[in-house]
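The values are calculated or read from the model by the stated rules, or taken from the named source; none is laboratory data. Computed from a prediction, not measured in an experiment: that's the story for all the values here. Cβ sites come from the backbone with ideal geometry, for glycine too, and all protein chains shown count toward neighbours. These area figures cover heavy atoms from the full protein model, side chains too; ligands, DNA and RNA do not enter into them. Shrake-Rupley method; radii C 1.70, N 1.55, O 1.52, S 1.80 Å.
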Amino acid sequence: MEGIQTWWEGIQQQFYINFIQDDRWKYLWNGLGVTLQLTFCAVLIGIVLGVILAMIRSTYDKNYQEMRPGFGRFMLKILNIIAKIYLTVIRGTPVVVQLMIMYYIILASSNNKLLVGMIAFGVNSGAYVAEIVRSGIMSIDPGQFEAGRSLGFNYVQTMRYVIIPQALKNVLPALANEFIVLLKETSVAGYIAMQDLTKGGDIIRGVTYSPFMPLIGVALIYLVMVMFFTFLVNKLERRLRNSER
Amino acid sequence: MSGNESLIRVENLQKHYNKGAIKALDGINTEIKKGEVVVVIGPSGSGKSTFLRCLNLLEVPTGGHIYFDGVDITDVKSDINIHRQRMGMVFQHFNLFPHMTILKNMIIAPMKLQGKSEAEATELAMKLLRRVGLEDRANAYPSQLSGGQKQRIAIVRALCMQPEVMLFDEPTSALDPEMVGEVLEVMKQLAEENMTMVVVTHEMGFAREVATRVMFMADGRQVEEGTPEEIFTNPKSERLQTFLAKVL
């Protein structure tokens, strides 16, 4: 009896020291804000980049062979090579390394860490989104494309009004998953001294010298968020399956 | 049928694959006049769909010329998108846009390409929908329609651009038999209104009844051409005779 009571008091004390004293919970709260901002913006950048890349790659795959030789064909080839290099480099190197290269080398002149983080994670995410969206574009029936062109839409208009909306709808669950992955990946933001959720927990640990509470707390917050977003994704998936197709 | 002004002129049209190893089209010459209904028939693999798809450059010819309203559209410098706005096309598999309502399917091209206001485009779309008896489906999605309804929508979607010629690529081949009639009926109406039409089909009854001219193709060439009377009751070539023996 006495043992359990001592243990329980210990827990309470630990909780108090790690979260309540000196308002230390604010490290987690503010960190959570940074993590969410970072993830949302990075996903948006990733989707924009990804759609552009996917358009280049799928245009090349579908049309290059039949195109008339000329400036357009040459440009497409160059763009496709750039896209391929980008995809290979981004997917072939760790995101932490990319983040540090972005912060210490490419954007060394900027001291807005949040912005640098958004760009670094966005550029990283773009490579993965590109392949997701590309698979979406390639899955659309070629007849859709022909129907658009036969009405008089040019290539870009057909993509914009006919193909991309359908492709994005098809890959929406996969994109939402990318968001979940990114949410966890941003935990390395501390490498450029950003105070995200993980870093917040680590700061508390450094101050209180007790790792258990802050780290388990951080892990739980991530877990709850991931479970929540997974729930949303599943719901979305079910609704899309039931909708008009 | 009125008018004898040429709308489309095809000169020595070629479509080769594998550097000439396969000749899908091997020198087609023809002229389509305003108000004409040209029905293209032939065995499968004869190149009739390829021919039709070349007319609006969905398929890029490897040789020859196509003049639409006097302009060589096979010329690299001509802007095919402008010409396509004046040529409607109906596909075997309808190809309605599944993410848009019927009305949106119909008004998007006029709005984005002809600069029409939504009200203006909707007015024309509703008029056309009434004509094919589907005005109550304006806000439905394509997946909620039957095959015959989808194809009728596909026809009026093309008509919303007020084209000068309509191209039909086997419009009834993907339909259940009981739905073929309603689609042919719409096409017949169009023909009666003097729309210029080029129709690739296996519906010999339609060809006989509606066509002003029938073109029989085999192996990428036009083997015989003439009025339905000439083609169906007086076939000259052996090729056409065997074909008709099989399909009639």
Considering region B:78-88, residues that are open to solvent by less than 30 Å² (accessible area, probe 1.4 Å) and under 18 Å from B:Met197 (Cα atoms), and then whichever is nearest to the other protein chains (Cβ to nearest Cβ), we arrive at B:Arg84
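Rundown of residues vs (1) under 30 Å from B:Thr50 (Cα atoms); (2) within 14 Å of chain B (Cβ to nearest Cβ), yes/no style:
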position	(1), (2)
A:Phe153	yes, yes
A:Asn170	no, yes
A:Glu178	no, no
A:Gln195	no, no
A:Tyr209	no, no
A:Phe229	no, no
A:Asn234	no, no
Looking at B:Met161, B:Met197 in this structure, which one is more than 13 Å from every other protein chain (Cβ to nearest Cβ), at pLDDT 95 or above and outside any helix (DSSP H, G or I)?
B:Met197
Being within 27 Å of A:Val226 (Cβ to Cβ) and either in contact with a strand residue (DSSP E or B) (Cβ under 6 Å, 6 or more places away or on another chain) or touching a residue at least 60 places away in the same chain (Cβ under 8 Å) (or both): is that true of A:Ile90 here?
no
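Considering B:Arg208, B:Arg239, which residue is among the charged types (D, E, K, R), touching a helix residue (DSSP H, G or I) at 6+ places or on another chain (Cβ under 6 Å) and not in a loop (DSSP other than H, G, I, E, B)?
B:Arg208
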Within region B:209-223, how many residues turn out to be at pLDDT 95 or above and among the charged types (D, E, K, R)?
1
Selected residue (criterion: surrounded by the fewest Cβ atoms within 10 Å (Cβ to Cβ)) from residues of region B:53-77 that are in contact (Cβ under 8 Å) with a residue 40 or more places away in the chain, under 17 Å from B:Val165 (Cβ atoms) and within 11 Å of chain A (Cβ to nearest Cβ):
B:Glu59
Return yes or no: is B:Val40 open to solvent by less than 30 Å² (accessible area, probe 1.4 Å), in contact with a strand residue (DSSP E or B) (Cβ under 6 Å, 6 or more places away or on another chain) and more than 24 Å from B:Thr172 (Cβ to Cβ)?
no
Just to check your reading of the model, which residue among B:Lys150, B:Lys188 is free of Cβ contacts under 8 Å to residues at least 24 places away in the same chain and not aromatic (Phe, Trp, Tyr)?
B:Lys188
Give region B:97-114 a look and list any residue that's open to solvent by 10 Å² or more (accessible area, probe 1.4 Å) and either in contact (Cβ under 8 Å) with a residue 60 or more places away in the chain or facing chain A (nearest Cβ under 7 Å) (or both), or say none.
B:Pro98, B:His99, B:Lys112, B:Leu113
For region A:157-197, what are the residues that are within 17 Å of A:Tyr27 (Cβ to Cβ) and of a type outside the set (S, T, N, Q)?
A:Ala189, A:Gly190, A:Ala193, A:Met194, A:Asp196, A:Leu197
Would a scan of region A:109-119 turn up a residue that is free of Cβ contacts under 8 Å to residues at least 40 places away in the same chain, within 30 Å of A:Tyr191 (Cβ to Cβ) and either open to solvent by less than 30 Å² (accessible area, probe 1.4 Å) or in a helix (DSSP H, G or I) (or both)?
yes
For region A:35-74, give me each residue that is more than 14 Å from the chain's Cα centre (by Cα) and hydrophobic (A, V, I, L, M, F, W, C).
A:Ile52, A:Leu53, A:Ala54, A:Met55, A:Ile56, A:Met67, A:Phe71, A:Phe74
Taking region B:126-144 and keeping only residues that are open to solvent by less than 50 Å² (accessible area, probe 1.4 Å) and under 24 Å from B:Ala174 (Cβ atoms), one is left with B:Leu128, B:Leu129, B:Val132, B:Gly133, B:Leu134, B:Ala138, B:Ala140, B:Pro142
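I'd like the full set of residues that are assigned to a loop (DSSP other than H, G, I, E, B) and hydrophobic (A, V, I, L, M, F, W, C), limited to region B:99-131.
B:Met100 - this is the single residue of region B:99-131 that is assigned to a loop (DSSP other than H, G, I, E, B) and hydrophobic (A, V, I, L, M, F, W, C).
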Using the structure shown, decide if B:Arg86 is touching an Asp or Glu at 6+ places or on another chain (Cβ under 8 Å), closer than 27 Å to B:Asp26 by Cβ, at pLDDT 95 or above and basic (Lys, Arg).
no
Does B:Leu13 fit the bill of being over 14 Å from B:Val200 (Cα atoms), assigned to a strand (DSSP E or B) and either within 18 Å of the chain's Cα centre (by Cα) or within 14 Å of chain A (Cβ to nearest Cβ) (or both)?
yes
Please pick out the residue among A:Ser58, A:Ser139, A:Ser150 that is touching a helix residue (DSSP H, G or I) at 6+ places or on another chain (Cβ under 9 Å), surrounded by fewer than 16 Cβ atoms within 10 Å (Cβ to Cβ) and of a type in the set (Gly, Ala, Ser).
A:Ser139
At least 3 residues that are farther than 30 Å from B:Ala174 by Cα, out of contact with any Asp or Glu (no Cβ under 6 Å at 6 or more places or on another chain) and in contact (Cβ under 8 Å) with a residue 40 or more places away in the chain in each: list the helices (runs of 4 or more DSSP H) lying fully within region A:125-208 that qualify.
A:164-185, A:197-208
